[in-house]
Amino acid sequence: MNKITLSLASLAIIISIGSFLLLNSSKELVYVDINKLMDGYKRTAIEMSKFDEKAKTMKSNVDSLVMNWQTELKAYEKNRSTMSPKELELTQEILSNKQMQINNYQQNIEKQIQDEDQKATKTVINDINEYIKEYGKKHGYTIIFGASGSGNIMYAEESSDLTAKVLEGLNKEFLNSKTK
């Protein structure tokens, strides 16, 4: 009889401690919509504008080279009937080499554009992640989930969505840092 009482008392204590810890440690589950943060964050537009300007400049350089090559090709086609076999061979080789160089340059530019895009996106994501980290600490959240529309959060009550609050604070902090 003593063993049963001791077992029940122990079980009651364990349940009490577990309930206490569970109730006191459980926080509201919340999330932010990453796509809305990216779209609504003012720095995103600024970084993307800088990126677009760089990409436009790089692409225009490639376009100029291609246009020059095409002009040379047209001149070759126009004058090839008057060229000697040696001139034909040399001009064809020069045009072929230029085309290969332009193709290589174009591939390098495309890679640079891709790298610049990733760099701009990373800058924005780092800002958002850092702000959410501080926001979570400040407001006592254990976890803030990130929803991206790809199925990681299929349903959540609207009251669990911190996106608008976080976006407001994020933009306020960014604008304040721009005026300093």
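The values are calculated or read from the model by the stated rules, or taken from the named source; none is laboratory data. All figures in this text were calculated on a predicted structure; none of them were measured in a lab. Note that each Cβ is placed from the backbone with ideal geometry, even for glycine, and that neighbours are counted across all protein chains shown. We work out accessible area using only protein heavy atoms, side chains counted, and drop any ligands, DNA or RNA first. Shrake-Rupley method; radii C 1.70, N 1.55, O 1.52, S 1.80 Å.
Key figures
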| item | result |
| --- | --- |
| Out of ASN79, ASN35, sole residue that is within 30 Å of VAL166 (Cα to Cα) and either of a type outside the set (A, V, I, L, M, F, W, C) or touching a His at 6+ places or on another chain (Cβ under 7 Å) (or both) | ASN35 |
| Single unsatisfied condition, ILE153 versus (1) within 14 Å of ILE34 (Cα to Cα); (2) part of a helix (DSSP H, G or I) | (2) |
| All positions within the range 114-150 that are outside any helix (DSSP H, G or I) and over 30 Å from LYS56 (Cβ atoms) | GLY140, TYR141, THR142, ILE143, ILE144, PHE145, GLY146, ALA147, SER150 |
| Complete set of residues in the range 58-89 that are under 36 Å from the mean Cα position of the chain (by Cα), aliphatic (A, V, I, L, M) and surrounded by 12 or more Cβ atoms within 10 Å (Cβ to Cβ) | MET58, VAL62, LEU65, VAL66 |
| Candidates ASN79, ASN68, ASN108, filtered to the one that is of a type outside the set (Asp, Glu) and farther than 30 Å from LYS50 by Cβ | ASN79 |
| Selection status of ASN35, assigned to a helix (DSSP H, G or I), open to solvent by 70 Å² or more (accessible area, probe 1.4 Å) and touching a residue at least 12 places away in the same chain (Cβ under 8 Å) | yes |
| Residue pairs meeting the criteria (Cβ under 9 Å; at least 6 apart or on separate chains; first farther than 20 Å from GLU110 by Cα, in the range 50-78; second outside any helix (DSSP H, G or I)) | TYR76/MET83 |
| Qualifying residue in the range 119-128 (condition: within 30 Å of ALA147 (Cβ to Cβ) and open to solvent by 90 Å² or more (accessible area, probe 1.4 Å)) | yes |
| The range 66-92, residues that are touching a Phe, Trp or Tyr at 6+ places or on another chain (Cβ under 9 Å) and assigned to a helix (DSSP H, G or I) | LEU88, THR91, GLN92 |
| From the options GLN106, GLN92, residue that is polar (S, T, N, Q), in contact with a helix residue (DSSP H, G or I) (Cβ under 7 Å, 6 or more places away or on another chain) and surrounded by 12 or more Cβ atoms within 10 Å (Cβ to Cβ) | GLN106 |
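Residue by residue, here is whether (1) surrounded by 11 or more Cβ atoms within 10 Å (Cβ to Cβ); (2) modelled with pLDDT of 95 or more holds:
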| position | (1), (2) |
| --- | --- |
| LYS98 | yes, yes |
| GLU134 | yes, no |
| ILE143 | no, no |
| GLU158 | no, no |
| THR163 | yes, no |
